[in-house]
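Bear in mind that the values in this text are calculations on the coordinates, not laboratory data. Computed from a predicted structure; not experimentally measured. In this analysis, Cβ positions are derived from the backbone assuming ideal geometry, glycine residues included, and neighbour counts consider all displayed protein chains.
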Amino acid sequence: MTEKIGYKLNPKKLVGAPQSILPFICGAFYYTEEFEYFDVIKPYLDIPEPRKSLEEIQQELDEKIEKLIEKTHLEYRIGHNWLYKKKRYEEFCKKQDEDFEYARENGFFPLKYTLDYSKISVFGDGSNITSSFVIKQGNKHEGYYTIGNGYLRFYMPYKPNAITRWFMDKCLSIRWVDEK
């Protein structure tokens, strides 16, 4: 025996329904396809859409991409100096393909912009910028904690005991530096 599937009446869809639909509802909230007036009340029921297969989704995506490529080619052809723009477009596509291939091999995209502080000079005399992030508590301090190369400094008003300093250094790689 096959199981009958019932569809629930959606009150939000009924808000815009004409009054002529009321006699067909008959006070019930669930309707099967065997209901005599199912076609009349079908637009007001919650009927789930069938899921798309992967092939259908892939085909839709391919069609959208093809339309975008055609549109882009058309825009480049219409614009002035279209040969230069077409060349730049092809270079852009080539670079995107290289980036995706890099991500496929390494698990992440390549970094686009990196800042090398050694190449930046503040003045014309070649003096370099040294960046540091400093956190101070008050005016008096005994020293500071630092992480890594010393770019981050967290000044403390008192010196922590030896056990705390040792655990911070060995477990968290946060070193203590005495100022006095």
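How high is the FRET efficiency between K140 and N161 when r is their beta carbon distance and R₀ equals 22 Å, given to the nearest 0.05?
So, using R0 = 22 Å, E works out to roughly 0.75.
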_Net lengthening on full extension, D46/S20 (0.36 nm per residue, minus Cα-Cα)_ = 7.4 nm
_Students often get this wrong, so check it: of K71/K112; K159/K180; K85/K112, which have C-alpha atoms separated by over 20 Å?_
K71/K112; K85/K112
*Extension reserve of the K180-D97 stretch, reckoned as 0.36 nm per residue once the Cα distance is removed*: 24.2 nm
